[in-house]
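What follows is calculated from the coordinates using simple rules that are stated; it is not laboratory data. Predicted model only: the values in this text are computed from it and were never measured. Using ideal geometry, Cβ is built from the backbone for each residue, glycine included, and neighbour counts are taken over all protein chains shown.
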Amino acid sequence: MKTTLTAKNMVITPGINDRVMKKISKMGRYLNPNAEVFIRLTKEKNNRRTCEITVPVGGVTLRAEASNDDNLYVSIDQALAKLERQIHKHRTKLDKRLREDAFNPAELEYDAEAAAELEKEESARKIVRNKTFPVRPMSVEDAILQMELLGHSFFVFVNVETDQTNVLYLRKDGNLGLMEPEA
């Protein structure tokens with residue numbers, strides 16, 4: 001696996017690097033050998049330590065984030081645990097779509113336990129409201145204003161510059177994110 005480790009407002013010590021690489025190497029049993037893993041470690045003003053892990057896998061992007069006060073190692077472990085659950089969930093969905101012999105029997109046995117647990121979680125979720133709305137062409141600045149006026153955490157609009165549907169969203173850190181489709 002190709003692992004890219006970056007840090008913001010902190011220095012990556014050899015101890016941190018070794019810990020991350022050791023933990024990520026265990027993900028090798030779930031991911032392709034040529035998979036890319038992006039890890040971003042952040043130290044915030046209030047001494048909060050955050051670990052973000054992003055893994056693009058066959059058209060799907062798996063992302064996990066965890067934060068902890070004062071302990072970076074705990075946030076790394078929590079983010080990796082979240083990522084592992086997402087991988088199991090993704091594989092379980094693939095398993096339902098593919099033939100039974102597509103995976104190794106050992107993996108199927110391990111996924112059977114995770115599949116039962118995931119089905120309980122998924123069966124609890126249901127769509128409780130369906131809403132339609134007009135999608136109007138507007139600039140990104142107009143979309144930001146409209147989202148703030150509505151008090152929503154996201155806003156869907158057609159970007160006048162690209163003529164594509166975009167999603168503007170409020171991030172956990174208080175900044176905004178813009179999702180643009182890629183053809």
(request) State which entries of Lys23/Lys82; Lys89/Lys126; Lys82/Lys126; Lys2/Lys89; Lys2/Lys23 exceed 20 angstrom in Cα-Cα distance in the structure shown. (result) Lys82/Lys126; Lys2/Lys89
(request) For the range 137-179, give the magnitude of the charge dipole about the Cα centre (Cβ charges: +1 Lys/Arg, -1 Asp/Glu; no others), in debye to the nearest 20. (result) 220 debye
(message) What whole-number volume per residue, in cubic angstrom, does the convex hull of the C-alpha atoms of the range 137-179 give?
(response) 58 Å³
(request) Tell me the label-point distance for the pair Arg136, Arg171, using the 7 Å Cα-to-Cβ offset, in nm and rounded to one decimal. (result) 2.8 nm
(request) Within 10 Å, count the other beta carbons around each residue, average over each peptide in 76-85, 13-22, and list them highest first. (result) 76-85, 13-22
(message) Report the gain in length on full extension from Phe154 to Thr3: 0.36 nm times residue separation, minus Cα-Cα distance, nm rounded to one decimal.
(response) 51.3 nm
